[in-house]
Amino acid sequence: MNIPRMNPEYNCVYRWFLFPGIIIACWLCWSCRQETGDALQNMALDENWKFRNAEESVWRVASVPGCIHTDLINNGLIEDPFYRVNEKDLQWISEKDWEYKTRFELPPGWLQRENIELRFDGLDTHADVYLNDELILRAENMFRTWRVDCKPYLKPGANSLRVYFHSVFKINLPKWENAPFRLLAWPNNDQADVQVNMYSRKAGFHFGWDWGPRLITAGIWRPVTLQAWDDFVIRELFIRPDSVSAERARLTAVVELEASKELAARLRIQTEKTELADREVYLSTGKNVIEIPVEIGNPRLWWSNGLGEQPLYSFSAELTAGQHHEVKTVETGLRDLKIIRRKDKDGESFHIQLNGVPVFMKGANYIPQDNFQNRVSPQDYEHLIRSVSGANMNMLRVWGGGIYEEDRFYELCDRYGILIWQDFMFACAMYPADDDFLYNVSAEISDNVRRLRNHPSIALYCGNNENEISWHQWEWKACYSDAVQQEYEKDMRALFYGTIPAALNEVDPTRYYHPTSPNTGYNDIGPGEGDVHYWGVWHGREPFTEYNRSIGRFMSEYGFQSFPGMATIEKFAGPQDLYLDSEVMLAHQRCMADNRRDRQYGNRLIKEYMARDYRIPQEFGDFVYISQLLQAGGVKQAIEAHRRAMPYCMGSLYWQINDCWPVASWSSIDYYGNWKALHYRARDAYRALLISAVENDGALDFFVVSDSLNPITGDLTIRTMTFGGKLVFEKKLALDIAPRASQKYHSERISELIGNQVKSDVLIRLTFSSDDGKLLSDNIYYFAPPKDLNLPVTDIRVRVNRVDSGYRIILKTDRLAKDVFLRVRDFAGSGSFSNNYFDLLPGAEAFLIFSCDTEIPDFEKRLEIKTLRDTYE
Ligand code: BMA
């Protein structure tokens, strides 16, 4: 390239003019920015935070978002609250007041902006906020978003922000003491004699639960932002689905904005690159809501996991007034979703209808992933939701004693097709209903529903978890005089039938509202109506076979406990703690009885059920392993029974998918993300095509349950074999499987099936293969509980080779190897087996992958394999 050389004289002149020129250009640019730039500017206030005990003078480094417990840990002031019994000694933290402060520089020019707001996405919980020592906000709800006009309190340059958190006890004790009548919570759920959780709008599980520690946090748990705007700001864009079908989606773009003056503006609505509307609008001072109907022809419909794809459309609203403009973009999926409650011969249905199709809900209940929410990483969310979709689930219930989840959680559910039953955050307690409380709740519902309403995954909202059933059917009501009963029922109605649905309907009239789970109601609700929490198995000590009989229209809770694997236990317990009733193991088992006096209750139940089906092993590690088999077997029975009962029953959500700390619980994935045996077996039982065998009066009935939208043809093969691999019976049936149906396709006398063998020596292997020979489903049936099976001693042959994603493992045996469990000894990294806790049949080969990111030295030698037979003395 030919670059003209500069003449030295010119160079000199250039210097004189160029530098002032640049400065003028910068100034012009800055001043014009206010005329032509974005109406909204954001500044995150996440740096320079410090905290202190309000009674002390030393300030220490804090993290925001964060919480007091993790700040104390990071400063080396407390031990890990999850380790051994440390939790017990850390109760003082919630009895103190805590202060947080930061200093920040206001960028030049900000004070010239018309409006400056301070926005807190989450303050936990009773917080006074001071800006430059002026009190600007008193917050009292961890679930709300707080926005304060703070311009009058800001200074040019350095500013200080301070948040004072009051102890939930100090603040609520007068309410507790002066209450006209005692509000109750279950003793396992607010694990203290003075129960105040119901007075604070704060996650219920912080106060302890029957799977969680009592660690009552405080702090700035979600981001803090300073926001400046001129003329107007778009607060919300809601793409309201008015009617959606394969031909047409009729939507309304609801744009909520605030203007600081009257303005003529232009509003454009777009999806991807298509313009849907372009309007002149007139803004009045204050809040404006503009509704613009838009249509999309032949939309690509959003489906739940297993039924189709999850296309997401991005919509934007662009507002221009004078030289200012702002664009707000949201993502949503287009689907038609209804909850169908229709009277029928059995009572009243309760099912999800998606794009015109009744869909059986397969999934689990979800609790927060950590007591300290700031520790839950994007990878944890990804792992959890991938584990949900990987286990063929299509629904999670976000349960009411936790939190309204992070945006990331719902975005992943949108992407993976996981529908959400969203409880509002009320669980297992009686709540007040004075005007302040109702106002506070109404604002909370509005904030959260606004945040969630574009997510296609949100299927329905529910008022609370078990509040009504606790009152009407589980003792509480009987504790009070008639007058108090009337008074409290009035309160319950005001909250769950008045305030909450009204607040919901105002911001999202498209979502169904279910006042309480299980469906209880003030009049008697029959078992043939609504959703059911079935706890006859576990709390009621009924046998697992009861799962075949106690089936409602939608099983929103049922479950059974197990221990997390030894690798997890060894993270919170020392070698001296490894027995069932050690102090440490009991501290990590929170299902107690007799007002928390009977701490052995949960472990005793596990042992009692174990004795029914298994030989109780001596060794602790074996006990832990069998507890997982026990849980997996029980819950698998339930899932199969619920699915066989389709369409009478249209949902099966077991309690619970995850843990918030390492603990014995009903979870199928432990705190560290490890799949327990149940998660693997739930994955099988939730497959689109399920083959299920059930004994019926001397015969075995064979059901095939299909969630597929289309008929399937193929072969069902029934084989009986001995544990040594001898074939006793074989039948192949060519079947046409009806779509979205459960049907009994065959029945066979047990005497035929087992021939001259005894029940404890044989198993039935069921397979279903498509016409082109692809294995679509399989299952194994035993006629006797594991303890009565004549399990052979086996010799499993193992071959291992390294592959890109980890290790490929091939297992083979000549005799049945029941409940094969693999683990990599002394491996602290993260890795997972593609299958585990499975039965390896005689003569069959199992191909597994152990996925991990690093090479593991001596992998083959460190691979440990245990079977049920190995636990026998
Ligand atoms: C259910 C839940 C939880 C509890 C679980 C196990 O009913 O709603 O409150 O953790 O039972 O007891």
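The values are calculated or read from the model by the stated rules, or taken from the named source; none is laboratory data. Model, not experiment: these values are computed from the prediction. Neighbour counts run over all protein chains shown; Cβ positions are idealised from the backbone, glycine included.
Things to note:
- Restricting the range 344-360 to residues that are in a strand (DSSP E or B) and touching a Leu at 6+ places or on another chain (Cβ under 9 Å), the residue that is nearest to the ligand (Cβ to nearest atom) is Ile352.
- In the range 423-477, the residue that is farthest from the ligand (Cβ to nearest atom) out of those that are of a type in the set (A, V, I, L, M) and over 17 Å from Pro518 (Cα atoms) is Ala443.
- When the residues of the range 185-211 are filtered to those that are away from the ligand (no atom under 14 Å from the Cβ) and assigned to a loop (DSSP other than H, G, I, E, B), the one that is farthest from Leu586 (Cα to Cα) is Ser200.
- Any hit, the range 586-604, residues being assigned to a helix (DSSP H, G or I), within 16 Å of the ligand (Cβ to nearest atom) and over 30 Å from Ile780 (Cα atoms): yes
- Identity of the residue in the range 531-555, aliphatic (A, V, I, L, M) and within 14 Å of the ligand (Cβ to nearest atom), that ends up farthest from the chain's Cα centre (by Cα): Val537
- Selection status of Gln628, away from the ligand (no atom under 16 Å from the Cβ), modelled with pLDDT of 95 or more and under 20 Å from Leu678 (Cα atoms): yes
- Count of residues meeting criterion [buried (at least 23 other Cβ atoms within 10 Å of the Cβ), over 12 Å from the mean Cα position of the chain (by Cα) and assigned to a helix (DSSP H, G or I)] in the range 361-413: 1
Yes/no matrix, rows are residues, columns are (1) crowded, with 21+ Cβ neighbours inside 10 Å; (2) away from the ligand (no atom under 14 Å from the Cβ); (3) not in a loop (DSSP other than H, G, I, E, B):
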residue: Arg612; (1), (2), (3): no, yes, yes
residue: Arg615; (1), (2), (3): no, yes, no
residue: Ala632; (1), (2), (3): yes, yes, yes
residue: His642; (1), (2), (3): yes, yes, yes
residue: Asn658; (1), (2), (3): yes, no, no
residue: Ser667; (1), (2), (3): yes, no, no
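- Once the range 222-232 is narrowed to residues that are buried (at least 20 other Cβ atoms within 10 Å of the Cβ) and assigned to a strand (DSSP E or B), the residue that is nearest to the ligand (Cβ to nearest atom) is Val224.
- Being in contact with a Gly (Cβ under 7 Å, 6 or more places away or on another chain), of a type in the set (S, T, N, Q) and either without any contact (Cβ under 8 Å) to a residue 40 or more places away in the chain or more than 16 Å from the ligand (Cβ to nearest atom) (or both) is a property that holds for Asn394.
- Here Asp336 passes the criteria (1) modelled with pLDDT under 95; (2) in contact with a Pro (Cβ under 9 Å, 6 or more places away or on another chain) except the one numbered (1).
- Any hit, the range 855-873, residues being more than 28 Å from Arg612 (Cα to Cα), part of a loop (DSSP other than H, G, I, E, B) and more than 35 Å from the chain's Cα centre (by Cα): yes
For (1) charged (D, E, K, R); (2) buried (at least 23 other Cβ atoms within 10 Å of the Cβ); (3) farther than 30 Å from Lys101 by Cβ; (4) without any contact (Cβ under 8 Å) to a residue 40 or more places away in the chain, each residue gets a yes or a no:
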{"position": "Asn172", "(1), (2), (3), (4)": "no, no, no, yes"}
{"position": "Trp176", "(1), (2), (3), (4)": "no, no, yes, yes"}
{"position": "Leu184", "(1), (2), (3), (4)": "no, no, yes, no"}
{"position": "Asp190", "(1), (2), (3), (4)": "yes, yes, yes, no"}
{"position": "Asp193", "(1), (2), (3), (4)": "yes, no, yes, yes"}
{"position": "Val196", "(1), (2), (3), (4)": "no, no, no, yes"}
{"position": "Gly204", "(1), (2), (3), (4)": "no, yes, no, no"}
{"position": "Ile220", "(1), (2), (3), (4)": "no, yes, no, no"}
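- Selection within the range 401-424 - among the aliphatic types (A, V, I, L, M) and out of contact with any helix residue (DSSP H, G or I) (no Cβ under 7 Å at 6 or more places or on another chain): Leu419
- Residues (more than 23 Å from Ser470 (Cα to Cα) and within 16 Å of the ligand (Cβ to nearest atom)) located in the range 397-422: none
- Checked against (1) more than 17 Å from Met43 (Cβ to Cβ); (2) in contact (Cβ under 8 Å) with a residue 24 or more places away in the chain, Asp121 meets all criteria but (1).
- If the condition is being farther than 19 Å from Pro785 by Cβ and aromatic (Phe, Trp, Tyr), then the range 598-644 contributes Tyr601, Phe620.
- Counted residues, the range 815-831 - those being in contact with a Gly (Cβ under 9 Å, 6 or more places away or on another chain) and modelled with pLDDT under 95: 2
- Failed item in (1) surrounded by fewer than 19 Cβ atoms within 10 Å (Cβ to Cβ); (2) within 19 Å of Ser260 (Cβ to Cβ), with Leu312 passing the rest: (2)
- The set of residues in the range 554-581 being of a type in the set (Phe, Trp, Tyr), in a loop (DSSP other than H, G, I, E, B) and farther than 30 Å from Gly651 by Cβ consists of Tyr579 alone.
- Positions within the range 644-656 being within 14 Å of the ligand (Cβ to nearest atom) and in a helix (DSSP H, G or I), in sequence order: none
- The condition (being buried (at least 16 other Cβ atoms within 10 Å of the Cβ), out of contact with any Lys or Arg (no Cβ under 9 Å at 6 or more places or on another chain), at pLDDT 95 or above and part of a strand (DSSP E or B)) is satisfied by just one residue among Ser769, Ser747: Ser769.
- Residues of the range 422-453 satisfying the condition of being closer than 30 Å to Pro311 by Cβ and surrounded by 24 or more Cβ atoms within 10 Å (Cβ to Cβ): Gln422, Asp423, Phe424, Ile445
- Pair list, Cβ under 8 Å, 6 or more apart: the range 556-571 residue closer than 12 Å to Gln631 by Cα and within 16 Å of the ligand (Cβ to nearest atom), other residue part of a helix (DSSP H, G or I) and hydroxyl-bearing (Ser, Thr, Tyr): Tyr558/Tyr547; Phe560/Tyr609; Gln561/Ser627; Ser562/Ser627; Phe563/Ser627
- Residue-level analysis places Asn710 among those that are without any contact (Cβ under 8 Å) to a residue 40 or more places away in the chain and either more than 21 Å from the chain's Cα centre (by Cα) or closer than 22 Å to Gly401 by Cβ (or both).
- Only strands (runs of 3 or more DSSP E) whose full extent lies in the range 238-343 are considered here, and the ones with at least 2 residues that are under 30 Å from His514 (Cβ atoms) and not aliphatic (A, V, I, L, M) are 248-259, 286-297, 313-321, 324-332.
- Residue check, Ile93 crowded, with 19+ Cβ neighbours inside 10 Å, touching a residue at least 12 places away in the same chain (Cβ under 8 Å) and under 18 Å from His166 (Cα atoms): yes
- Looking only at residues in the range 39-93 that are of a type in the set (S, T, N, Q) and more than 25 Å from Gln191 (Cβ to Cβ), the one that is modelled with the lowest pLDDT is Gln41.
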